[in-house]
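> Quick one: this structure, given as structure tokens, is what I'll be asking you about.
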Amino acid sequence: MNIWYINHYAVPPSYGLPGRPYSLATNLEKLGHKVTVICAAWHPFRQHPAPLSDQYNCRNYDGVDYYHLPARSYKGNGLGRLLNMLDFSRAIKKLSQKIDIKELPQPDVLIPSCVHPLVFPPAYKLARKYNAKLIYEVRDIWPLSLVELANVPSEHPIVLWFKWIERRAYRQADAVVSLLPNALEHMAPLGLDKRKFYYIPNGINREEWDAPSASLPDEHQAVFQQLKEQDKLIVVYTGAHGPPNALDQILGLVKLNKDKNRPYHFVLIGEGIEKEKLMKLEREESISFVTFLPKISKQQVITALKLADVCFVGWEKKKIYKFGISPNKLGDYFMSAKPVLHAFDITSNDPVQEAGAGISVEPYNTKELEDALQRFCAMTQAERNTMGMNGYRYALENLDWEILGKRYAEICESL
């Protein structure tokens, strides 16, 4: 079966974090299917743009074919981003020309992944033209995420436009795969037949964890070494520093007490639009229990997590999370076999609680956050190890891409 996985923000290995597209493609290939990942030649999650020779060409990266479509560069989160999305959407339409002249094989299944909804209309046209099946993959619920997380007015023209696409997608797709377990509650009233709904979360790639350890940069290694010598509880966060990641609640702990000799210390690794603001606040408040470090490669992230005592992930207090969560970093935290400190408001879908892998607290509840940190500090190493191993077993049983890939293949084959 020839499967096209269309993901604007997919990244080949060596260009960034390959994530879900690469893991899904790899496992579908193992099951005998041919997969082409179609992505943008430029987007902010790439370490550098794809070379011009890759545009409108298939190139194999570590066993997976990537096909890059041109899209303009931009800064910020405004008009430039929208134009970049439109570039990608228009380029998808042109793929029919490549099929007709035999430069690309005709797809049997198209999977447009909704990192934004503009992928659906051109993918649907291709599916209709070539009698292919279409699986709409919903990562974030657009445009609800714009309204809830970016505070865009619900009557904004872009919101109304995206909502029109969303309703079409739920009605016209042959199947809908959601990364969020409770998303059907949102989708069914908008026209999705519940028989077409499937839940496949983000997963873990065991091969990444079996690979040889990667050395940390000297700056990172020195921080961990110093904190070990000081006998601190090392709490690590890895990933984006943006508004949805709610890292400012960590800095809010300074308001609870001014004790500079705390038994814990946060190490925040990554980049993002909020990082400069967070670092400015750290300096102004003379916060001594947080260290910011630059982003590192995925294999180095694994090394850093193995040096942690606790891993942190936080969320804003938003109603949208009642439909569920599926952050990539949570699977990595579980695989590190370290307990998780989880600032999360909705209890109906809390993987940390479900796995018995850590402590969950209300977001922006400074006292609960401090109490949880003190509880971790008071635990024995054996008690923390038990929590960590609970998460590790949960990941292997529920988040292994070998398992998730088979479920995805079954959907494709059933259509």
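Throughout, read-outs are computed from the coordinates displayed, never taken from laboratory work. The shown structure was predicted, so the numbers you read here are calculated from the model rather than taken from an experiment. FYI the Cβ positions are ideal-geometry reconstructions off the backbone, even for glycines, and counts take in every protein chain you see.
Condition check ((1) loosely packed, with under 15 Cβ neighbours inside 10 Å; (2) in contact with a helix residue (DSSP H, G or I) (Cβ under 7 Å, 6 or more places away or on another chain); (3) assigned to a helix (DSSP H, G or I); (4) not β-branched (Val, Ile, Thr)) across all residues:
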residue: 222; (1), (2), (3), (4): yes, no, yes, yes
residue: 237; (1), (2), (3), (4): no, no, no, yes
residue: 251; (1), (2), (3), (4): no, yes, yes, yes
residue: 259; (1), (2), (3), (4): yes, no, no, yes
residue: 266; (1), (2), (3), (4): no, yes, no, yes
residue: 278; (1), (2), (3), (4): no, yes, yes, yes
residue: 304; (1), (2), (3), (4): no, yes, yes, yes
residue: 320; (1), (2), (3), (4): no, yes, yes, no
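> Pick from 176, 236: which is closer than 29 Å to residue 323 by Cα, free of Cβ contacts under 8 Å to residues at least 60 places away in the same chain and in contact with an Asp or Glu (Cβ under 9 Å, 6 or more places away or on another chain)?
Residue meeting the stated conditions: 176.
> Quick check: anything in region 107-116 among the polar types (S, T, N, Q) and either over 24 Å from residue 409 (Cβ atoms) or surrounded by fewer than 19 Cβ atoms within 10 Å (Cβ to Cβ) (or both)?
Looking through region 107-116, none of the residues is among the polar types (S, T, N, Q) and either over 24 Å from residue 409 (Cβ atoms) or surrounded by fewer than 19 Cβ atoms within 10 Å (Cβ to Cβ) (or both).
> Name the pairs: first residue in region 365-388 and more than 25 Å from residue 257 (Cβ to Cβ), second residue surrounded by fewer than 15 Cβ atoms within 10 Å (Cβ to Cβ), Cβ to Cβ under 9 Å, at least 6 apart or on different chains?
From residues that are more than 25 Å from residue 257 (Cβ to Cβ), the pairs are 386/356; 387/356.
> Please go through region 343-364 and give me each residue that is touching a strand residue (DSSP E or B) at 6+ places or on another chain (Cβ under 6 Å), among the polar types (S, T, N, Q) and not in a strand (DSSP E or B), ordered by number.
353
> For residues in region 188-220 being touching a residue at least 40 places away in the same chain (Cβ under 8 Å) and assigned to a helix (DSSP H, G or I), which is surrounded by the fewest Cβ atoms within 10 Å (Cβ to Cβ)?
It comes out as 219.
> Still on this structure: Check whether at least one residue in region 251-259 is of a type in the set (S, T, N, Q) and under 25 Å from residue 339 (Cβ atoms), and report yes or no.
Within region 251-259, one or more residues are of a type in the set (S, T, N, Q) and under 25 Å from residue 339 (Cβ atoms).
> Oh, and also: Would you check which residues across region 127-154 are touching a Lys or Arg at 6+ places or on another chain (Cβ under 8 Å) and of a type in the set (A, V, I, L, M) and list them?
Of everything in region 127-154, those that are touching a Lys or Arg at 6+ places or on another chain (Cβ under 8 Å) and of a type in the set (A, V, I, L, M) turn out to be 127, 149.
> All but one of (1) closer than 24 Å to residue 270 by Cβ; (2) in contact with a Ser or Thr (Cβ under 8 Å, 6 or more places away or on another chain) hold for residue 64; which doesn't?
(1)
> If I filter region 287-308 for residues that are touching a strand residue (DSSP E or B) at 6+ places or on another chain (Cβ under 8 Å), closer than 29 Å to residue 180 by Cβ and among the aromatic types (Phe, Trp, Tyr), do I get at least one hit?
No, there is no match, as no residue in region 287-308 is touching a strand residue (DSSP E or B) at 6+ places or on another chain (Cβ under 8 Å), closer than 29 Å to residue 180 by Cβ and among the aromatic types (Phe, Trp, Tyr).
> Being β-branched (Val, Ile, Thr) and either surrounded by fewer than 16 Cβ atoms within 10 Å (Cβ to Cβ) or touching a residue at least 24 places away in the same chain (Cβ under 8 Å) (or both) is the filter here, so list the residues in region 136-161 that pass it.
The answer is 138, 141, 152, 158.
> Test of understanding: among 133, 75, 94, which residue is surrounded by fewer than 15 Cβ atoms within 10 Å (Cβ to Cβ) and in contact with a strand residue (DSSP E or B) (Cβ under 9 Å, 6 or more places away or on another chain)?
It is 94.
> Shifting gears a bit: Could you pull out the residue among 340, 313, 352 that is free of Cβ contacts under 8 Å to residues at least 60 places away in the same chain and in contact with a helix residue (DSSP H, G or I) (Cβ under 7 Å, 6 or more places away or on another chain)?
Step by step, each of 340, 313, 352 is checked, and only 340 is free of Cβ contacts under 8 Å to residues at least 60 places away in the same chain and in contact with a helix residue (DSSP H, G or I) (Cβ under 7 Å, 6 or more places away or on another chain).
> Just to be sure, is residue 128 within 22 Å of the chain's Cα centre (by Cα), among the basic types (Lys, Arg) and closer than 26 Å to residue 107 by Cβ?
It is false that residue 128 is within 22 Å of the chain's Cα centre (by Cα), among the basic types (Lys, Arg) and closer than 26 Å to residue 107 by Cβ.
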